[in-house]
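A.B. asks: Right, I'll just put the structure down here and ask away after.
The values are calculated or read from the model by the stated rules, or taken from the named source; none is laboratory data. Here the structure is a predicted model, which is why all the values come from computation and not from measurement. Reconstructed Cβ throughout: ideal geometry from the backbone, glycine too, with neighbour counts over all protein chains shown.
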Amino acid sequence: MTLPSPTLLWFRNDLRLADNPALCRAAETGAPVIALYVLENAAGGRAPVGDAARWWLSRSLQSLGRDLEARGVQLVLRSGDARTIVPDLAHCLGAGLVAWNRRYDPVGIACDSAIKADLKATGVAVDTFGGSLLREPWEVKTQAGDPMRVFTPFWRAHQRLGEPGASLPVPAVLVGSRTPVPSEELASWGLEPTSPNWAAGFAEVWSPGEAGARARLADFLDAGLARYPDERNRPDLASTSRLSPHLRFGELSPVQIWHASEHAGAASGRAGIDKFLSEVGWREFSYHLLFHWPRLAQDNFQARFDAFPWRTDPAGLAAWQRGLTGYPLVDAGMRELWQTGWMHNRVRMVVASFLIKHLMIDWREGEAWFWETLVDADAANNAASWQWVAGSGADAAPYFRVFNPVKQGETFDPKGDYIRRYVPELARLPDSAIHAPWQADDQVLKGAGVRLGVTYPRPIVDHAVARARALDAFQALRGRD
Ligand code: FAD
């Protein structure tokens, strides 16, 4: 009896077994399945996975490899150019089918299209699926059939298309290959930093992998969803889901999140479910923008911003990156990012506004730093969010909104608990002084062991002066449309 030709299943940003349409297709064939992950080369000057996210990828691949192995399927690891690796492996295995879930960034789309054409030309079937979004980015459009630029109508149109399809179970039966396929060693990829090991704190906070993602979702639905509408802006409380890195690597799908939230039960309340799903909707919107405007991470969405007089300020940029600006909320956020690979959304907005507006440093510098330091660094969400804060984006914050880091701290971290956690040298300051230590009496500073300019910096810019400077510069852009 001749065995059916094997199926090559190519994992990318979908490192899970449940609700994985490409995996289900592979299982359905009844043929032996060989799973593949390719660590792809840098393209366009940037590695497809940033430094902090590589730590996550390493752990997530270990988890996926174990889950596949338990079902008799080998996860083959290769590094290099997917355009040669995928067709070569398919031919070498005599694969009859190659299956994958789609990606939506321009480099990924170009790569996948070339591979698909190559395989088809040589008689190998290719099946691709939507597995990373609630809806494909091209499904939502204006009445005239154009892409959408504003979130609220986008999300309404998205919802009018109806609820997403059912979440797919893990296939009951998977057939593995009897002959092992040569694979690289994960450890040889050096994804996790060693000397120095700047990711040491990550494992205390995160559990990468499908099981960790499911556990975090269950915890959030149980303990966080009902409080989410009121508390989601509070970095001092564990008030948001922290699912972003799990979503980034597809350890959980938005379809699973959607169904689990909708069935979370009456105790969570409609307001919690709607607000949470609308944030997942911002992710859909960011992907819609990236798909239709592939240069979202490179070019201002609004061309009038091309004339903006960005400043070159290496010292300011370094102070921002290290969390040494002298503004406690900004510094707490940048240090949370460094220590945990993640930052609360409210604080992301404040630190981004500080870089762009107080320091007048190009948003692309901030986007690039986040790309390397966030475990959830995501081609669509990161670019769309930075352009949103800059005011240069599609549906952007108005350019004249300059967050006041002191007021933001007082409102969203009222007792300064978040600041104390990440800026320990200020921990002994009273609540009244923690958001603006430079305004505190000498006695108060002394009592808390704070010596401005020695143990903690004075503000690197004055808020009022910086705000006026930014508004003048942004004002000059008006009328350039
Ligand atoms: P929750 O509040 O629990 O939201 C649930 C999910 O919805 C998130 O996991 C995320 O996938 C999505 N989501 C929530 N808010 C947004 C948003 N504003 N835009 C798009 N999707 C959203 N998010 C990333 O996933 N990757 C990034 O690289 C990224 N860069 C950002 C850069 C800046 C300057 C800013 C202001 C925001 C950025 N965000 C990014 C969006 C947002 O901050 C994070 O998604 C959120 O903080 C993740 O925490 P959570 O999972 O607890 O969110």
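A.B. asks: Failed condition for PHE370, given (1) over 29 Å from ALA47 (Cα atoms); (2) surrounded by 14 or more Cβ atoms within 10 Å (Cβ to Cβ), with all others met?
C.D. replies: (1)
A.B. asks: With in a strand (DSSP E or B) and β-branched (Val, Ile, Thr) as the only criterion, which of VAL49, VAL38, VAL73 stands out?
C.D. replies: Working: VAL49 fails: in a strand (DSSP E or B); VAL73 fails: in a strand (DSSP E or B).
The match here is VAL38.
A.B. asks: State whether one or more residues within segment 427-442 are charged (D, E, K, R) and touching a Lys or Arg at 6+ places or on another chain (Cβ under 8 Å). Give the steps one after another, and end with the answer.
C.D. replies: Our first condition is that a residue be charged (D, E, K, R); within segment 427-442, this holds for 428, 431, 441-442.
After this cut, where a residue has to be touching a Lys or Arg at 6+ places or on another chain (Cβ under 8 Å) as well, the list is 431.
The answer is yes; a qualifying residue exists.
A.B. asks: Kindly list the number of the only condition in (1) among the hydrophobic types (A, V, I, L, M, F, W, C); (2) modelled with pLDDT of 95 or more; (3) not in a helix (DSSP H, G or I) that fails for ALA397.
C.D. replies: For ALA397, the exception is condition (2).
A.B. asks: Does segment 409-425 hold any residues that are of a type outside the set (Lys, Arg) and surrounded by fewer than 23 Cβ atoms within 10 Å (Cβ to Cβ), and which are they?
C.D. replies: Here is the first cut: in segment 409-425, the residues of a type outside the set (Lys, Arg) are 409-414, 416-419, 422-425.
Result: GLU410, THR411, PHE412, PRO414, ASP417, PRO424, GLU425.
A.B. asks: Please tell me if MET334 is crowded, with 19+ Cβ neighbours inside 10 Å, without any contact (Cβ under 8 Å) to a residue 24 or more places away in the chain and not assigned by the TED database to the domain that holds TYR228. Reasoning before the result, please.
C.D. replies: Values: crowded, with 19+ Cβ neighbours inside 10 Å: yes; without any contact (Cβ under 8 Å) to a residue 24 or more places away in the chain: yes; not assigned by the TED database to the domain that holds TYR228: yes.
Criteria met by MET334.
A.B. asks: Based on what the data block shows, is ASP274 touching a Pro at 6+ places or on another chain (Cβ under 9 Å) and more than 12 Å from the ligand (Cβ to nearest atom)?
C.D. replies: Details: touching a Pro at 6+ places or on another chain (Cβ under 9 Å): yes; more than 12 Å from the ligand (Cβ to nearest atom): yes.
So ASP274 passes the test.
A.B. asks: Checking the structure you have, find out if any residue of segment 80-90 is more than 22 Å from CYS111 (Cα to Cα) and either assigned to a loop (DSSP other than H, G, I, E, B) or of a type outside the set (Gly, Ala, Ser) (or both).
C.D. replies: The initial filter retains those residues of segment 80-90 that are more than 22 Å from CYS111 (Cα to Cα), namely none.
No: segment 80-90 contains no residue that is more than 22 Å from CYS111 (Cα to Cα) and either assigned to a loop (DSSP other than H, G, I, E, B) or of a type outside the set (Gly, Ala, Ser) (or both).
A.B. asks: If you scan segment 172-221, which residues turn out to be closer than 28 Å to VAL255 by Cβ, among the acidic types (Asp, Glu) and either free of Cβ contacts under 8 Å to residues at least 40 places away in the same chain or in contact with a strand residue (DSSP E or B) (Cβ under 8 Å, 6 or more places away or on another chain) (or both)?
C.D. replies: ASP219
A.B. asks: Additional query: Pairs, please: C-beta under 7 Å, at least 6 apart or cross-chain, first residue over 22 Å from ARG103 (Cα atoms) and in segment 268-296, second more than 14 Å from the ligand (Cβ to nearest atom)?
C.D. replies: Going by the 7 Å Cβ cut-off, the qualifying pairs are ILE273/GLU262.
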